[in-house]
């Protein structure tokens, strides 16, 4: 269970398209003007989590072997993300929100974001493997959507300050996040093995 919780928190609060957009936009146009984008992330995240959760409930109830494959693949992917983060270099934000369609843009960005889709599938898979009730998928989607909203609020609120801090301590940040992701991936694979 600890690997599951750590994976959720690390994945939500580490840099990704939504967090980077919120940070860059807030630094450029202000926190208040970035709020519609942030609420779009909330809606998009809820949709992704709920749909992937329902998909996983169907798979879990009807095709048990696929659930185990997803568990191993998801754990391996998380290990890969840890490795990639360990070797990541800080890149200047090139993507900025330059129009007034923040909300729709955020929803669409979240719906096509591979990180969000894989994250939704992985979280739903491990939620079910932990023996938690399938009818709790709606609550899981709401909780994860609220956590993602909190994440973009944090990234947006700190904007330039947070980015400057990350520039200064990028190597330490990458190592800590990489180790946490690797730990999460290893625990998820272990929990998948235990469910066989």
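Computed extension gain for residue 130 through residue 175, at 0.36 nm per residue and net of the alpha carbon distance, reaches 13.3 nm.
Relative to the current alpha-carbon distance between residue 190 and residue 76, full extension at 0.36 nm per residue lengthens the span by 39.9 nm. With both labels modelled 7 Å from their Cα along Cα-to-Cβ, the residue 32 to residue 5 distance reads 3.8 nm. When the square roots of the Cα gyration tensor eigenvalues are ordered a ≥ b ≥ c, the ratio a/c for segment 1-52 is 1.5 or more and a/b does not exceed b/c, which makes its shape oblate. Protection proxy ranking, highest mean first, for peptides 23-30, 46-53: 46-53, 23-30, where packing is the per-residue count of other beta-carbon atoms within 10 Å, averaged. For the pair residue 143 and residue 117, the difference between a 0.36 nm per residue extended length and the Cα-Cα distance amounts to 7.8 nm.
Where a number appears in this text, it was derived from the coordinates with a stated rule and is not lab data. The shown structure was predicted, so the numbers you read here are calculated from the model rather than taken from an experiment. Quick reminder, even Gly has a Cβ in these numbers, built from the backbone with ideal geometry, and neighbours come from all protein chains shown.
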